[in-house]
1. Any residue at all in region 151-158 that is within 30 Å of Glu10 (Cβ to Cβ), out of contact with any Asp or Glu (no Cβ under 7 Å at 6 or more places or on another chain), open to solvent by less than 60 Å² (accessible area, probe 1.4 Å) and touching a residue at least 40 places away in the same chain (Cβ under 8 Å)?
2. Read through the list (1) of a type in the set (D, E, K, R); (2) at negative phi; (3) more than 38 Å from the chain's Cα centre (by Cα), then give the number of the only condition that Lys143 fails.
3. Evaluate region 22-44: report whether one residue or more is surrounded by fewer than 16 Cβ atoms within 10 Å (Cβ to Cβ), assigned to a helix (DSSP H, G or I) and basic (Lys, Arg).
4. Among the residues of region 163-213, count how many are open to solvent by 50 Å² or more (accessible area, probe 1.4 Å), touching a residue at least 24 places away in the same chain (Cβ under 8 Å) and not in a helix (DSSP H, G or I).
5. Just a yes or no: is a residue in region 124-135 open to solvent by 30 Å² or more (accessible area, probe 1.4 Å) and of a type in the set (Phe, Trp, Tyr)?
6. Can you tell me which residues in region 91-102 are surrounded by 17 or more Cβ atoms within 10 Å (Cβ to Cβ), in contact (Cβ under 8 Å) with a residue 40 or more places away in the chain and of a type outside the set (Ser, Thr, Tyr)?
Amino acid sequence: MSRPKLSEAELLERNRVALENAEQQPEIASAMSELGYDATKIAEGKTLLAENQQAYNFNKTEDDETSEAYNSFTANYDAIDEIYRKHRKKAKVIYRKDPLMLAKLNIDGSIPRSYAKWLETVQKFYTEAIADTAIQEKLASLKISLEELNSTQAQIGELKTARANYRREVGESQEATKKKDAAFAKIDDWMSEFYAVARIALEDQPQLLEALGKVVKS
């Protein structure tokens, strides 16, 4: 049965321990040095490992920032959607017999599902209402104040900013993921040769491979 695939964090730790023991454990260091893996060569691996760890950490940070940006965006979206639905319901009652006003406020159809069309629909409602005192007077009859309309429109501005920030973070996260994957690929290639040499160097002492993170069948 094959062993489960290591996570990225586990790979980093395995490589760290392997390089540390290849340098610090006398028997391994001596055997590996004879085949070219002396202190200078191991230092090369440690440099790659440090670059890999840095890329991994940066990618985790970018992912966290993306999650935070998404949460901010969705919180804004949910808040606006909730108040808009209440305002819309009241406006539809007020203008139930006036198809022209229903169309003007863009409340004659259903609420779109896609973000872009939803935003267009919501913006239309508040832009028209804020620009027309007659509409404001009608809405006030069902306790929708101009202050509330302005406040919601301001929230829409914040939503756009949150959306732009989220999309930017997604792009940065994707770029960080590419760099992280490249760093892992680079050290995986180096460690592959390291382990191939280690198997040869420790052929007579296979149990020492355990110190390098390789399971040896008993």
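The values are calculated or read from the model by the stated rules, or taken from the named source; none is laboratory data. For clarity, every value in this text was computed on a predicted model and none was experimentally measured. Quick reminder, even Gly has a Cβ in these numbers, built from the backbone with ideal geometry, and neighbours come from all protein chains shown. Heavy atoms of the whole protein, side chains included, go into the accessibility calculation; ligands, DNA and RNA do not. Shrake-Rupley method; radii C 1.70, N 1.55, O 1.52, S 1.80 Å.
1. The initial filter retains those residues of region 151-158 that are within 30 Å of Glu10 (Cβ to Cβ), namely none.
The answer is no; no qualifying residue exists.
2. (2)
3. As a first pass, look at region 22-44 and keep what is surrounded by fewer than 16 Cβ atoms within 10 Å (Cβ to Cβ): 24-27, 30, 34-36, 38-40, 43-44.
Adding the requirement that they be assigned to a helix (DSSP H, G or I) leaves 24, 26-27, 30, 34, 39-40, 43-44.
Within this subset, residues satisfying the condition of being basic (Lys, Arg) are none.
No, because not a single residue in region 22-44 is surrounded by fewer than 16 Cβ atoms within 10 Å (Cβ to Cβ), assigned to a helix (DSSP H, G or I) and basic (Lys, Arg).
4. Of the residues in region 163-213, 1 are open to solvent by 50 Å² or more (accessible area, probe 1.4 Å), touching a residue at least 24 places away in the same chain (Cβ under 8 Å) and not in a helix (DSSP H, G or I).
5. Taking region 124-135 first, the residues open to solvent by 30 Å² or more (accessible area, probe 1.4 Å) are 124, 127-128, 130-134.
Narrowing the set further to residues that are of a type in the set (Phe, Trp, Tyr) leaves none.
Looking for residues that are open to solvent by 30 Å² or more (accessible area, probe 1.4 Å) and of a type in the set (Phe, Trp, Tyr), one finds none in region 124-135, hence no.
6. Within region 91-102, the subset surrounded by 17 or more Cβ atoms within 10 Å (Cβ to Cβ) is 91, 94-95, 101-102.
Keeping just the survivors that are in contact (Cβ under 8 Å) with a residue 40 or more places away in the chain gives 91, 94-95.
Residues satisfying the conditions are Ala91, Ile94.
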